[in-house]
Structures are given as C-alpha cells and as structure tokens.
Amino acid sequence: MKIKFDSTQQYQIDAVNSIVELFEGQPLNKGDFSISFETANVGIFSSQVQTELGIGNNLVLNDDAVFENLVKIQDKNDLDRISLVDFKVNGNNFSVEMETGTGKTYVYLRTIFELSQKYGFKKFIIVVPSVAIREGANKNIEITEEHFKALFNNIEFEYFLYDSKKANRLRQFATSNQIQIMIINIDAFRKDFSDSEDDKKSNVIFKESDKLSGRKPIEFVQATKPIVIIDEPQSVDNTPKAQEAIKSLNPLCIFRYSATHKNPYNLVYKLDPIKAYELKLVKQIV
C-alpha cells in the first residue's frame with residue numbers, strides 16, 4: 001500500500017509561503033556550482049558561501065529587509081504586527097503555529113525544498129525533543145521522499161540521523177553541494193565541555209576527533225550556517241542550556257513549529273484550533 005500526499009492543501013501552502021516570503025529580495029537560485037575554496041561567493045551564488053570546512057548558507061538580506069517582509073506576512077495572515085524592538089530581541093527566530101494533526105511535519109519538510117529551489121539554501125537541521133520524535137521525523141522524510149521528488153523536479157537530497165558514533169558524517173554534511181537534512185535530538189548536543197571536567201559527560205559533537213583532522217564535529221556544522229527547524233520548541237529549548245546548544249549550531253535562522261508555543265517568537269502563521277475546525281481539519285474542539 002502506498003500513501004498519497006495532496007500537495008494542494010491551501011492552508012499548508014500558506015504556511016510554507018509564510019516562511020519562504022521572509023526572504024523576498026534574496027537573489028534567486030540559478031543552479032549548482034562546483035566546489036571552489038573561496039571565502040565568499042557573490043552574484044548568482046550569493047545564497048551559498050564556501051569556507052575551508054565546506055559549503056554554507058548565506059543570507060544577503062539585512063535585518064531591516066527581513067523585518068519589512070515579516071510585517072507584510074503578519075498583515076496578510078491577520079496577525080498582530082511585531083515591533084522593530086521586539087523583532088531585534090527575538091533575533092532570527094520565526095514561529096509557525098499549527099494545530100496537531102494538520103500536517104506540521106509535511107509543512108516544514110516542504111518548506112526545506114521551497115527554500116532550496118527558490119534561494120539555493122542547502123543545509124538544514126531538524127532538532128527534536130526526543131529519540132522517538134527523531135525516528136518519526138526520519139520516517140516522515142522516508143515516506144514523502146518520492147512525493148517531494150515528483151513535486152520538485154526530481155530534486156536530489158540526502159537525509160540522515162545524527163549518530164555520535166559516526167560524527168565524521170558531518171564532514172559530508174558540510175562539503176556536499178546537495179541538500180543536506182540532518183535530524184538530531186537536543187540531548188545529543190546539549191552538553192559541552194564547560195559542563196564538567198569529565199570529558200565523558202560531554203557530547204561527542206564537541207570533542208576533537210582524529211577522523212576529522214583534529215577538529216570538533218560541531219565546527220563542520222557551524223561552517224554551514226544551517227537553517228535550523230525546531231519541532232516542538234516548547235520541549236526542545238525550554239532551558240538556558242538548551243538555548244545555548246541551539247546557538248552553538250551557528251544557525252542562519254531558526255524556524256519553530258508547534259501547536260502549543262511557549263514563546264511564539266516572530267509569529268508568521270497561525271492555524272489555531274478554531275481555524276482548524278472551521279476548515280474541517282479536526283472533528284471537534286474543546
């Protein structure tokens with residue numbers, strides 16, 4: 001039995017576009033390019049930057065341009081406008097609120113491919129609160145792979161679960177010119193060496209590795225300036241230590257998806273229970 005996915009659900013398309021339109025004005029993607037070791041790429045390759053560790057995402061727009069786009073999106077989606085002061089406090093965090101059972105995972109996966117197709121961003125990390133949800137996210141990519149390839153002109157991409165025993169996989173994550181999607185649970189990189197004098201209590205991702213020429217695995221992640229997607233942020237970065245862990249990834253920006261946000265930073269889209277009921281997406285609300 002094959003599961004068929006409907007790519008025409010307007011509320012899901014609206015949620016995807018609410019993120020994609022944040023970068024309106026970013027130079028459009030003109031295609032792939034071969035690896036050349038330079039400090040930066042400009043022109044048609046301005047959505048990517050090359051360093052000695054690999055290929056990274058590159059945002060050309062300044063904060064003012066992103067803020068203007070954000071306000072337009074909030075107006076279009078009938079959301080309260082964020083102030084410039086609050087926008088700067090919230091930094092590069094953007095939130096999507098979607099009621100449980102309305103396709104949140106599908107939306108953030110489709111957003112990855114839309115961002116890559118339109119702007120050329122290639123490096124993405126999905127952060128989840130637990131191993132169980134990590135496995136679920138991986139399964140979702142597996143069952144939607146054929147659907148997204150059909151929808152996006154047979155787009156090439158690689159996805160994998162982060163495994164501390166195979167931390168050298170992060171070199172490929174950094175150097176590949178294909179879309180890279182890494183799924184990782186917060187506990188895999190919450191502890192750095194500042195936690196304890198005992199190295200064994202720190203996550204492998206922060207430890208220098210002979211297999212990586214003496215570098216730390218986290219360095220390869222940081223070099224890519226990944227777009228970070230947080231699934232259920234109220235359970236992921238709900239402590240100062242977890243928030244520092246997210247920052248340690250050196251994200252270009254952070255997209256937060258949940259039905260129950262604790263802090264809806266820079267909200268761009270909202271599908272609350274009432275709206276979901278009106279659209280007949282859920283049978284009842286309490």
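The values are calculated or read from the model by the stated rules, or taken from the named source; none is laboratory data. Please read these numbers as outputs of a predicted model, since none were measured by experiment. Here Cβ is always computed from backbone atoms with ideal geometry, including for glycine, and neighbour counts include all displayed protein chains. Side chains included, ligands, DNA and RNA excluded: accessible areas come from the protein's heavy atoms. Shrake-Rupley method; radii C 1.70, N 1.55, O 1.52, S 1.80 Å.
Rounded to whole Å, the principal axis extents of the Cα atoms in the chain read 57, 51, 44, largest first.
Accessible area per residue (1.4 Å probe, heavy atoms of protein chains only) ranks Lys149, Lys165 as Lys165, Lys149, with the largest value leading.
When the helices of the chain are scored as -39500 (n - 2.57) per DSSP H run of n ≥ 4 and the total is divided over every residue, the value at 222 nm lands at -10500 deg cm²/dmol. For helix 131-151, what angle does its Cα long axis make with the longest principal axis of the chain, in degrees from 0 to 90 and rounded to 10? Result, in degrees: 70. A simple charge model with +1 on the Cβ of Lys and Arg, -1 on the Cβ of Asp and Glu and nothing else charged puts the dipole of the chain at about 540 debye relative to its Cα centre. Computed from Cα atoms, the angle from the helix 104-119 axis to the main principal axis of the chain rounds to 70 degrees.
List, in the order given, every pair from Lys118/Lys165; Lys118/Lys211; Lys72/Lys104; Lys123/Lys166; Lys118/Lys262; Lys191/Lys262 whose Cα-Cα distance in the structure shown is over 28 Å.
Over 28 Å apart, Cα to Cα: Lys118/Lys165; Lys118/Lys211; Lys118/Lys262.
Reported to the nearest whole Å, the Cα centre-to-centre distance from region 165-188 to region 71-90 is 33.
Check Leu267: other-chain or 5+ apart residues with amide H under 5 Å from its amide H, H built from backbone geometry? The answer is Ser95.
Between Lys262 and Ser213, the FRET efficiency from the beta-carbon distance, with R0 = 35 Å, is close to 0.30. Proximity of backbone amide H atoms, modeled 1.01 Å from N, is registered between Cys253 and Val228 at under 5 Å, excluding neighbours fewer than 5 places apart on the same chain. Have a look at Gly103, Gly56, Gly120 and tell me which one the Gaussian network model of the chain (Cα, springs below 10 Å) gives the largest fluctuation. Result for the chain, Cα springs under 10 Å: Gly103 fluctuates most.
Legend: calculated FRET efficiency, Asp64 to Glu156, from the Cβ-Cβ distance at R0 = 41 Å, rounded to 0.05, equals 0.75. In this rough spin-label picture, where each label sits 7 Å from Cα along the Cβ direction, the Asp86-Lys118 distance is 2.4 nm. Residue ranking by accessible heavy-atom surface, 1.4 Å probe, largest first, among Tyr106, Tyr159 comes out as Tyr159, Tyr106.
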